[in-house]
Amino acid sequence: MTASQLRIMLLLVLASAILLSLMAGRHWIPFHQWLGGDLPSLVIMQLRLPRAVVGVLVGASLGMAGAAMQGYLRNPLADPGLFGISSSAALGAVISLYFGYAVSALLLPMFALLGAGCGMAMLSILAGRSGSLTLFTLSGVILSSLTGALTSLLISLAPTPFASSEIVTWLMGALVDRSWEDARLALPLTGIGMAALLWAGRSLDALTLGEATARSLGINMRHLQYLMLAGVGLTVGSSVAIAGIIGFVGLVVPHLVRPLVGSQPSALLIPSALAGAVLVVLADSLVRILPSVSEVRLGIAMAVLGTPFFLALLFNMRREIA
Amino acid sequence: MELRIDNLSLKLRGRDVLRDISARFTPGKITVILGPNGAGKSSLLSCLTGLQRQQHGRITLAGASIFDLPAALRARHIGLLAQKADIHWDIDVRALIALGRLPHHGRWGRSAADEAAIDAAMAHTDCTALAGRRAQQLSGGEQARVLLARALAGQPDWLLADEPLANFDPVHQLDVMSCLRAVADGGMGIVLVLHDLTQAARIADQIIILDKGEVAASGSVSEVLTPELLARIFSIRVHVGTAACGMPIITPMARAA
């Protein structure tokens, strides 16, 4: 399968996943009812379509950021959360919930984006101008443990049990009640972030040969670090802002796609974005049709779906080692 | 274009790694850098590639400091074959060799000239039969050949190689030596860091011996690879001989007293 065939196939799968997600929900709305009557078309246009669009943005962001992170760190187990951007964005959102600013629909994502921005600034200050991968990763670990601790602090200090349960629920990640505003907020930032990651593609390819050889090929590690910071920061930051923390997508999707594209890091970026979008939209349709009292949070569903995948990976590796 | 070092010194973490080194490298010739472990050979190579920036002194390419060149342009002139054979992803052999063309082509794909350079590099290094295979599935020697092809595909004016013969069986050592000689005859300047004295004696046009970060000796094979000098710098007694075909043989016999 050539690269363009793969992309077309993934696009078709994504289109079908979106169609499915428009039908799926507490009330199944089959295709022929979409335009029949005010209520179904209102549900489709104002509830399910924006939710699907947000799902696509989130999945594509996480898939591409994960692929880029794995290429940058040359580690197939790297995750977009590793640099601490998602936990800084989450801290921003938690602050808005804690102080009750989240009354207006857009304030929470704004706070999350602010958190992601502060995280990016802190990362670049901590890592300095060297372009060193080790320093950058260490800075990310410091940032994510600090923001994680502050988030826990806020939960424990929450004024009412209701506030702390609200924070905990939000942290699990979901696409419930997303509106066109959320999509409009995330779209430009996600676009810029993805452009930065795609721009970094050839440097990621060069890193296949190790840092010294990549530098000898004219790759500037400092520029690459800025591109990664901007790319991962904007995509992951905006996806946390509109959906909370959703794990596994950034880790699992590049893994699944890698063998299909011949492992080249730059060739992995767009297919991972498409496959990430498919996974999130499908998983989000699944949580909506599960018969449960309240909807299962997407972040939880994703973790449950991710476990068998990692088990399969583990058994595979065990067979290879034996 | 001549590659030249003038009064190069390098201090890392308070330690003198290189001290006041001057050397001239001639295009179309093979220069071999020898020296005991820790003498500064690899550091010298990374200075020459432009990767090490804390040095004092000048490194010039055709009269201009290599640090004044933009990194991408410098990469077209000076290629590095690193000692550590890193292949982090299981990519297609041809895609890996094509990475050597990164300094040449733009973002939107490779030209016919790029493809021709890749083909030529693969033919030169006996890699054509490996096309279509996955890089991580190859044996160590095959990987080393592919990485050499990667370095040659960039068609640099200068190829700097750190221990390029280390991963090969004897047949391929000979093949790689004759390949390097052929590209040098084609005009490429080559600087090799080697450990094996016999290999150095066979391939070098010029030898530079480093010891404790300084140039201990430099000149032609017969000037430099003498038993006295090797005893002094490497602390070994050697047998210097000549095979029936006229090839030099240098074999360490014992520690020098």
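The values are calculated or read from the model by the stated rules, or taken from the named source; none is laboratory data. Treat the numbers as computed from the prediction; the structure is a model and nothing was measured. Using ideal geometry, Cβ is built from the backbone for each residue, glycine included, and neighbour counts are taken over all protein chains shown.
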Please work out if B:A72 is hydrophobic (A, V, I, L, M, F, W, C) and more than 27 Å from A:A206 (Cα to Cα). no
May I ask you to verify whether B:E142 is more than 13 Å from every other protein chain (Cβ to nearest Cβ) and over 20 Å from the mean Cα position of the chain (by Cα)? no
Scanning segment B:150-178 residue by residue, those over 13 Å from the mean Cα position of the chain (by Cα) and assigned to a helix (DSSP H, G or I) turn out to be B:R150, B:A153, B:P170, B:V171, B:H172, B:Q173, B:L174, B:D175, B:S178
Given (1) crowded, with 22+ Cβ neighbours inside 10 Å; (2) not in a loop (DSSP other than H, G, I, E, B), index of the condition A:V168 fails: (1)
Selected residue (only one of B:T198, B:T242 is of a type in the set (S, T, N, Q) and either at pLDDT 95 or above or surrounded by 14 or more Cβ atoms within 10 Å (Cβ to Cβ) (or both)): B:T198
Can you name the number of the only condition in (1) over 19 Å from the mean Cα position of the chain (by Cα); (2) assigned to a strand (DSSP E or B); (3) not charged (D, E, K, R) that B:S218 fails? (1)
From the list A:A186, A:A174, which one is more than 9 Å from every other protein chain (Cβ to nearest Cβ) and either within 24 Å of A:R258 (Cβ to Cβ) or touching a Lys or Arg at 6+ places or on another chain (Cβ under 7 Å) (or both)? A:A174
Does segment A:113-135 include one or more residues that are over 21 Å from A:L197 (Cα atoms) and surrounded by fewer than 16 Cβ atoms within 10 Å (Cβ to Cβ)? yes
Note: among B:A75, B:A39, just one is within 10 Å of chain A (Cβ to nearest Cβ), crowded, with 18+ Cβ neighbours inside 10 Å and either in contact (Cβ under 8 Å) with a residue 40 or more places away in the chain or β-branched (V, I, T) (or both), namely B:A75
Among B:I87, B:I66, which is the only one that is under 22 Å from A:M221 (Cβ atoms), surrounded by 18 or more Cβ atoms within 10 Å (Cβ to Cβ) and either within 11 Å of another protein chain (Cβ to nearest Cβ) or not hydrophobic (A, V, I, L, M, F, W, C) (or both)? B:I87
For A:G218, only one of the following conditions fails: (1) within 30 Å of B:L148 (Cα to Cα); (2) part of a helix (DSSP H, G or I); (3) not hydrophobic (A, V, I, L, M, F, W, C). What is its number? (2)
Scan segment A:16-59 residue by residue and report those that are under 22 Å from A:E181 (Cα atoms), without any contact (Cβ under 8 Å) to a residue 12 or more places away in the chain and small (G, A, S). A:S41
Can you spot a residue in segment A:123-139 that is within 14 Å of chain B (Cβ to nearest Cβ) and either of a type in the set (V, I, T) or assigned to a helix (DSSP H, G or I) (or both)? yes
Output the number of the condition that B:I118 fails; it satisfies all remaining conditions of (1) facing chain A (nearest Cβ under 9 Å); (2) in contact with a Gly (Cβ under 8 Å, 6 or more places away or on another chain); (3) surrounded by 18 or more Cβ atoms within 10 Å (Cβ to Cβ). (1)
Within segment B:1-41, which strands (runs of 3 or more DSSP E) (wholly inside it) include 1 or more residues that are among the small types (G, A, S)? B:3-12, B:15-25
Quick one: would you say A:A195 is part of a helix (DSSP H, G or I), within 14 Å of chain B (Cβ to nearest Cβ) and farther than 24 Å from A:G81 by Cβ? no
If I filter segment A:56-103 down to residues being farther than 19 Å from A:V141 by Cα and of a type in the set (F, W, Y), which single residue comes out as surrounded by the most Cβ atoms within 10 Å (Cβ to Cβ)? A:Y98
